[in-house]
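> Below you will find the structure I want to go over with you.
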Amino acid sequence: MGCSGCRVRFNFGKVLSKVSVFLTMVLIFTYFFYCLTGFCDSAPRTLYHQQNLDYDILDNHHRILGDLRPSPRLVPDVLSHRNRTASSDSEQVDAPGQLAPHESDSTKESAQSNGIPVSNTFGSKRFPQAIIIGVKKGGTRALLEFLRIHPDVRAVGAEPHFFDRFYDRGLDWYRNLMPRTLDGQITMEKTPSYFVTKEAPSRVCTMNCQTKLIVVVRDPVTRAVSDYTQTLSKNPGLPSFQSLALKNSSTGLIDTTWSAVRIGLYAKHLENWLQHFPLSHFLFVSGERLVSDPAGEMGRVQDFLGLKRVVSDKHFYFNQTKGFPCLKKPEGSSRPRCLGKSKGRPHPQIPSEVLQRLRDFYRPFNQRFYQMSGQDFGWD
């Protein structure tokens, strides 16, 4: 009986020893698992992984929405802008990467100390040396996307609207919107409404009076119809074009308070800009030639910006369905890059007498603009 009790105690001791060993092994395995996990998290990511992120589009869009979210009055403008540009951005050009917009110097230092590759902090954020200031529905989106092919051009994807809507946020806020650039690269942005904003010229000059200014212009009658077509697509209940363009259908007087008409008074808007910038700082791009001869017009733009002529006819083909030039399929891509579905939409039928009244109205303004710019665009 006594021996039997000893045997039971001995067996229990063996079981307890095995359980202790098992628990020890579990603890050791858990320890090594967490050590390995921590090592993977702290190890520097490869440069290839970092470059696969599309910082320009994601950071610019998220940044602008984040900055404006506290202000309910401003959110609709930005949201509507995102809706306007998202489709075209997604089908066109994936911009090179940039860092988060509100990154401070201390953040950069901590990032380096945590093992993040230094390549993420290459370059610096600069004020744009060139701005596409107009005009709406003139071809500004096409021009920007064509320019982004050039390796020495870095551009903001979304329209910042700093000099017309958000100027009170300050120049530091504006600079933080810009992508990082290296020496020899040009920082650019486009906001077509700058050209028709009275305060914009003085504000741009306050930033830098040496800024190069690009204006894409188009036959003001065709531009007005295109402007109306875009608005109609968003608001199907919009009154007819003729009822908005004419003050009185019987007299035929043009209503210049309607923005679609007012934007086309290029000479008046240019007079405002010439009070702050010499004519030599402007390049006037033909919206019509940007469609019919994109390579030729892009050659003029690259010369104006002091860039080597990299973008050429080999980059383009004409899309018969859309009626616009598209960028040929880049290497490694599954499809060519064209402007979004909102581009090239069919225009509504406008009575010919209404269009003729508009042409007669614009003629003296066009002639004045030809004289001021030194170019005859042939709209008459």
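The values are calculated or read from the model by the stated rules, or taken from the named source; none is laboratory data. Every value quoted in this text rests on a predicted model; they were computed, and no experiment measured them. We place every Cβ from the backbone using ideal geometry, glycine too, and count neighbours over all the protein chains shown. Side chains are part of the model used for accessible areas, which takes the heavy atoms of the whole protein and leaves out ligands, DNA and RNA. Shrake-Rupley method; radii C 1.70, N 1.55, O 1.52, S 1.80 Å.
> If a residue has to be in a loop (DSSP other than H, G, I, E, B) and more than 16 Å from residue 287 (Cβ to Cβ) to count, how many in region 210-238 make the cut? I'd like the intermediate steps shown before the answer.
Of all residues in region 210-238, those in a loop (DSSP other than H, G, I, E, B) come to 210-211, 218-219, 235-238.
Narrowing the set further to residues that are more than 16 Å from residue 287 (Cβ to Cβ) leaves 210-211, 235-238.
Going through region 210-238 one residue at a time, the tally reaches 6.
> Give me the residue from region 215-230 that is charged (D, E, K, R) and open to solvent by 10 Å² or more (accessible area, probe 1.4 Å) and, out of that set, farthest from residue 192 (Cα to Cα).
The extreme case among them is 219.
> May I pose another question? Can you pull out the residues in region 147-168 that are within 16 Å of residue 316 (Cα to Cα) and either modelled with pLDDT under 95 or open to solvent by 10 Å² or more (accessible area, probe 1.4 Å) (or both)?
First, pick out the residues of region 147-168 that are within 16 Å of residue 316 (Cα to Cα): 147-150.
Listed by number, the residues that qualify are 148, 149.
> Now a separate question. Restricting the first residue to region 232-249 and requiring it to be free of Cβ contacts under 8 Å to residues at least 40 places away in the same chain and under 13 Å from residue 260 (Cα atoms), which pairs with a second residue that is outside any helix (DSSP H, G or I) and open to solvent by less than 50 Å² (accessible area, probe 1.4 Å) meet a Cβ separation below 8 Å and a spacing of at least six or different chains?
Going by the 8 Å Cβ cut-off, the qualifying pairs are 244/238; 244/255; 244/258.
> Can I ask one more? For region 250-259, indicate whether the set of residues that are in a helix (DSSP H, G or I) and either among the aromatic types (Phe, Trp, Tyr) or closer than 25 Å to residue 368 by Cα (or both) is non-empty. Steps first, please.
First, the residues of region 250-259 that are in a helix (DSSP H, G or I): 259.
Adding the requirement that they be either among the aromatic types (Phe, Trp, Tyr) or closer than 25 Å to residue 368 by Cα (or both) leaves 259.
Looking through region 250-259, at least one residue is in a helix (DSSP H, G or I) and either among the aromatic types (Phe, Trp, Tyr) or closer than 25 Å to residue 368 by Cα (or both).
> One residue is enough: does region 266-274 have a residue meeting the conditions of a type in the set (A, V, I, L, M, F, W, C) and part of a strand (DSSP E or B)?
Filtering region 266-274 down to residues of a type in the set (A, V, I, L, M, F, W, C) leaves 267, 270, 273-274.
Of the ones still in play, those that are also part of a strand (DSSP E or B) are none.
No, region 266-274 has no match at all.
> Output the number of the condition that residue 165 fails; it satisfies all remaining conditions of (1) under 15 Å from residue 307 (Cα atoms); (2) in a loop (DSSP other than H, G, I, E, B).
(1)
> Still on this model: Kindly indicate which of 197, 206 is free of Cβ contacts under 8 Å to residues at least 40 places away in the same chain and either open to solvent by 50 Å² or more (accessible area, probe 1.4 Å) or on the phi > 0 side of the Ramachandran plot (or both).
When all the criteria are applied, what remains is 206.
> If residue 261 satisfies all but one of (1) of a type in the set (A, V, I, L, M); (2) more than 21 Å from residue 363 (Cβ to Cβ); (3) touching a strand residue (DSSP E or B) at 6+ places or on another chain (Cβ under 7 Å), what's the number of the condition it fails?
Just one mismatch for residue 261, condition (2).
> So for region 240-249 (the condition being part of a loop (DSSP other than H, G, I, E, B) and either surrounded by fewer than 22 Cβ atoms within 10 Å (Cβ to Cβ) or among the small types (Gly, Ala, Ser) (or both)), does at least one residue qualify?
There is at least one residue in region 240-249 that is part of a loop (DSSP other than H, G, I, E, B) and either surrounded by fewer than 22 Cβ atoms within 10 Å (Cβ to Cβ) or among the small types (Gly, Ala, Ser) (or both).
> Based on this model, can you work out whether residue 247 counts as within 22 Å of the chain's Cα centre (by Cα), modelled with pLDDT under 95 and of a type outside the set (A, V, I, L, M, F, W, C)?
No, not satisfied.
> Residue 279 versus (1) of a type in the set (A, V, I, L, M); (2) over 18 Å from residue 365 (Cβ atoms); (3) open to solvent by 30 Å² or more (accessible area, probe 1.4 Å): which is the lone unmet condition?
(2)
> Restricting the search to region 168-209, which residues are closer than 12 Å to residue 131 by Cβ, outside any helix (DSSP H, G or I) and not polar (S, T, N, Q)?
178, 186, 188, 189, 190
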